[in-house]
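The values are calculated or read from the model by the stated rules, or taken from the named source; none is laboratory data. Small disclaimer: the values here were computed from a predicted structure and weren't measured. Here Cβ is always computed from backbone atoms with ideal geometry, including for glycine, and neighbour counts include all displayed protein chains. When the accessible area is computed, the model is the full protein with side chains, heavy atoms only, and any ligands, DNA or RNA have been set aside. Shrake-Rupley method; radii C 1.70, N 1.55, O 1.52, S 1.80 Å.
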There are 2 protein chains.
Amino acid sequence: MKKEIRIGLFGFGCVGQGLYDVLNESRGIRAEIRKIAVKHADKPRKLPAHFFTTDADEILDDPEINLIVELINDPDAAFDIVSRALRSGKDVVSANKKMIAEHLPELYELQKQYGTSLLYEASSCGSIPIIRTLEEYYDNELLFGVSGIFNGSSNYILTKVYQEGSTYEAALRQAQELGFAETDPTLDVGGFDPLYKLCIITAHSYGTFIKPEEVFNFGIQSLAAQDIRYAKEKGCKIKLVCTVRKLNGSCFTLFVMPQLVRSDDPLFLVDRENNGVVVEAAFSDKQFFQGKGAGGHPTGSAVLSDISASTYEYRYEYKKIAQNEGLEYTRDVNLEVYVSYEREEDLEGLEFVEVLERYQGRQSHYVIGTVTLASLYRHKEDLRTRNIFIALNQPKVTLAETQPAEANAVAVS
Amino acid sequence: MKKEIRIGLFGFGCVGQGLYDVLNESRGIRAEIRKIAVKHADKPRKLPAHFFTTDADEILDDPEINLIVELINDPDAAFDIVSRALRSGKDVVSANKKMIAEHLPELYELQKQYGTSLLYEASSCGSIPIIRTLEEYYDNELLFGVSGIFNGSSNYILTKVYQEGSTYEAALRQAQELGFAETDPTLDVGGFDPLYKLCIITAHSYGTFIKPEEVFNFGIQSLAAQDIRYAKEKGCKIKLVCTVRKLNGSCFTLFVMPQLVRSDDPLFLVDRENNGVVVEAAFSDKQFFQGKGAGGHPTGSAVLSDISASTYEYRYEYKKIAQNEGLEYTRDVNLEVYVSYEREEDLEGLEFVEVLERYQGRQSHYVIGTVTLASLYRHKEDLRTRNIFIALNQPKVTLAETQPAEANAVAVS
């Protein structure tokens, strides 16, 4: 029943090396690393030289190798390797969230066309088995939404800054030293890394491929002392939260932004480099999953579980795509947000549907009100350059009633 | 790809009725309830009479019906129905933890022999997809242990008594009124219901079938005011916790008992009717799952997900059984326990390896010390009749070093 797996590995960084060790130790998984493609041939490494090659073809053309494990940084090179492998009849395991989020429609078609399988549990939420759980456990009919903390690095920083009084810069440096942060910190703290994960999770939640650039994401870089003070006064924590939520039988929405998380929300307790996911469904009510979300080991664990699944010829069935009956992505929803700012001009263009509170102090200013996601999205590039911090004040998301929903439905691929 | 499911349902209580409603509403699942077997034909019901029968054979002999959903209370009758169905080529979904825990070896063999499938996610931890996660995500090589709150009813009572100051009796009555408690409360508060779940989870964790009667279980019935006071002083909560834990490469142990849970344990926050499960593994570190653990809807949700899986011909592969290389169940482990008692005689026979603390006050007495699980197990019937409360004081479990492990390995089926 179990297939013998002969792996061609791309990339031998921290995850790749840990994976090699644990595969050697494991009796449970019949998988062996045959060859490892690396960029630089002459770095000193702990394995004999015959394991390594700088020539991708040596792996992709090897008929003995039946599984490609792709663990490199560069998303374009990764897409090239993964799509070539799928075309040549090799199954693939990948942890590359950016590559997968951007190319999921093509990768889905390639799998169908060539009968090969691509698994990517390691791409989303570290060690939490969220993709497989969504694939196999929740029927899309009953799934109200998924929300969560999908980025360990920014959550680590928020924990340090908010709970332990570190400065933002010191916390970022620590996260980088611990190996939690991506090479470019903007990916984490700007909310791009969690955005890629949210797009992947949305495909497995509602069977629709959403391009990352179609989604509003806002990060934590502009978090200031006054925001921390405000949150503490209200008994909240500030978390960078991803949300995808069904609004009714015909549409859903998604976004990534900081949120004032209250103490009765399971995400309130997700601290440091942990990730947390809340899945809401009709019958099962709220499910909560928590696990390590950053670092080589949790990623390695998810890669390993995908390799293990490969030995049983497991593949994603993308059931929600088959079940999807025209569920559409809309940004015509109202969000209640907290916006702190320095000068009145910084609020320009932010189209408040309703202003609920306004505070103008000597050192700080904020406004709480309802805005549409569509207007936030329209100004997203601009908002990032201003001296303002935006956070969801209430997790509630409602359809904007001013405009007909279908007129503003977003075209999706 | 999707199989059309025609269901024969046994039992039409709260879960069965909810299931009927949601199946009718769902477009995602191609499953239809054809016939429902009930005990009493003439109860007034919300469905037309032609749906019902009191004759099991009418369902089991119907060649059109290809899935049996078993939701009755009586474990013996349930085993008869389920084993007959599996033999006659019908797949089965069941939520009957006692029946499954007691008959898993036979049910495993029946599935192998007749090529039929039995799914039972609903039997364990309500809506948390723990069996499927263990089946598909964790390789036994890397799994250190699983612990959790597996009984919503007793957790509801503990929350009411401990946090809200209810009396034990009032809290039990409330749990029963809310439909959280089993018909016989001893099953819940005596730690039998969680014991059955732990046995099922152990099979999917370590590939070994353990009979419930081979396991030490102790409940919360003897919880007294002094225990609550003690826990509060130490900043702990008292939870009824199930534990299965690998001790080294050759043995593991399991037990059910109250535990003094500290605030850094994810189980600390699992309150009311929720269940929580912590899975510890080498690479993924600590994973935590939380969801509703009692009531008709969470169980219905798990039943529904199994029916949905059936449409894709999903079956448990029992991978851990194939992978198990002689891992043995042992009770020769040391546990650090807190024992409160009224009279010295009540401690008789409790063989303390080491006494760490002893308190003799005017109104209360307790001792904290190390005992072997083997000695607790030997006296388990007797301990239940005494006026003592036992709780694990530290989650640490170590091999008892006084005796050679193999001499005391427990025979398992």
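Placing pseudo-labels 7 Å out from each Cα toward the beta carbon at residue B:356 and residue A:186 gives an inter-label distance of 5.3 nm.
Mind telling me which of A:227, A:265, A:91 comes out most flexible in a GNM of chain A, alpha-carbon contacts under 10 Å? Most flexible of the set in this elastic network: A:265. Projecting the Cα positions of A:304, A:335, A:223 onto the charge dipole of region A:206-345 (unit charges on Cβ atoms of Lys, Arg, Asp and Glu, taken about the Cα centre) puts A:304 furthest along the positive direction. Work out, in µm²/s and without decimals, the Stokes-Einstein translational diffusion coefficient of region A:281-339 at 20 °C, 1.002 mPa s, Rh from Kirkwood over C-alpha pairs. Diffusion coefficient, whole number: 132 µm²/s. Scoring A:33-43, A:356-366, A:245-255 by mean Cβ neighbours within 10 Å over their residues and listing the highest first yields A:245-255, A:33-43, A:356-366. The local environment of residue B:123, defined by Cβ-Cβ distances under 11 Å, has a net charge of -1 under the rule Lys, Arg +1 and Asp, Glu -1.
Shown here is the pair-distance distribution of chain A: with all Cα-Cα distances grouped in 20 Å bins from zero up to the longest one, the shares run 27, 55, 18, 1 percent.
Secondary structure note: in the protein assembly as shown, about 70% of the DSSP beta bridges are antiparallel. Placing R0 at 25 angstrom, the Cβ-Cβ distance between residue B:4 and residue A:286 gives a FRET efficiency of 0.20 after rounding to 0.05. Label-point distances for residue A:115 to the equivalent site in the other copies, using a point 7 angstrom along Cα→C-beta, read 2.1 nm when ranked shortest first. Taking region A:275-298 and a reference point 7 angstrom along Cα→Cβ of residue A:21, the backbone N atoms nearer than 15 Å belong to A:295-298.
Heavy-atom surface analysis with a 1.4 Å probe gives chain A a carbon and sulfur content of 46 percent of its accessible area. In region B:274-288, comparing the full protein assembly with the chain on its own, the residues that lose 30 Å² or more of accessible surface at a 1.4 Å probe are B:283, B:284, B:285, B:287, B:288. Given their separation in residues at 0.36 nm each and the Cα-Cα distance between them, residue B:313 and residue B:396 gain 25.8 nm when the chain is fully extended. Taking the chain by itself as reference, region A:12-56 contains these residues with an accessible-area loss of 30 Å² or more in the full protein complex (1.4 Å probe, heavy atoms): A:22, A:27, A:28.
Each Cα pair of region B:280-413 feeds into the Kirkwood radius, which the Stokes-Einstein equation turns, at 25 °C and 0.890 mPa s, into a diffusion coefficient of 129 µm²/s. Peptide A:305-313 has a mean of 3 when you count, residue by residue, the C-beta atoms of other protein chains within 10 Å of its C-beta.
Summed over both chains, the accessible area lost when A and B associate is about 4100 Å², using a 1.4 Å probe. In whole angstrom, the protein assembly as shown maps to an equivalent ellipsoid with semi-axes of 42, 33, 31, each derived as √(5λ) from the alpha carbon gyration tensor and ordered largest first. Peptide A:392-401 has a mean shielding of 0, counted as Cβ atoms of other protein chains within 10 Å of each residue's Cβ. Take each residue of peptide A:294-302, count the partner chain Cβ atoms within 10 Å of its Cβ, and average: the result is 3.
Remark: label point of residue B:50 defined 7 Å out from Cα along the Cα-Cβ vector; separations to the same position in other copies 7.4 nm, ascending. Over the protein assembly as shown, accessible surface divided per residue gives 38 Å², non-protein components excluded, 1.4 Å probe. A straight line joining the Cα centroids of region B:116-177 and region A:36-81 runs 45 Å. Available extension along the chain between residue B:211 and residue B:106 is 36.6 nm, counting 0.36 nm per residue and deducting the alpha carbon span. As a quick test, which of the pairs A:237/A:396; B:98/B:211; A:112/A:319; A:292/A:396; A:319/B:46 have an alpha carbon distance above 21 angstrom in this structure? Where the Cα-Cα span goes over 21 Å, the pairs concerned are A:292/A:396; A:319/B:46.
Placing a label point 7 Å from Cα along the Cα-to-Cβ direction at residue B:345 gives distances to the equivalent points in the other copies of 8.8 nm, listed shortest first. Per-peptide packing, taken as the mean over residues of other Cβ atoms within 10 Å, places A:292-298, B:175-181, A:281-287 in the sequence A:292-298, A:281-287, B:175-181 from highest down. Rounded to two decimals, the Cα radius of gyration of region B:5-119 over 2.2 N^0.38 Å is 1.02. All other residues whose Cβ lies under 12 angstrom from that of residue A:350 are scored, Lys and Arg at +1 and Asp and Glu at -1, for a net of -3. Mean separation of Cα pairs under 8 Å and 6 or more residues apart, divided by the residue count, gives chain A a relative contact order of 17 percent.
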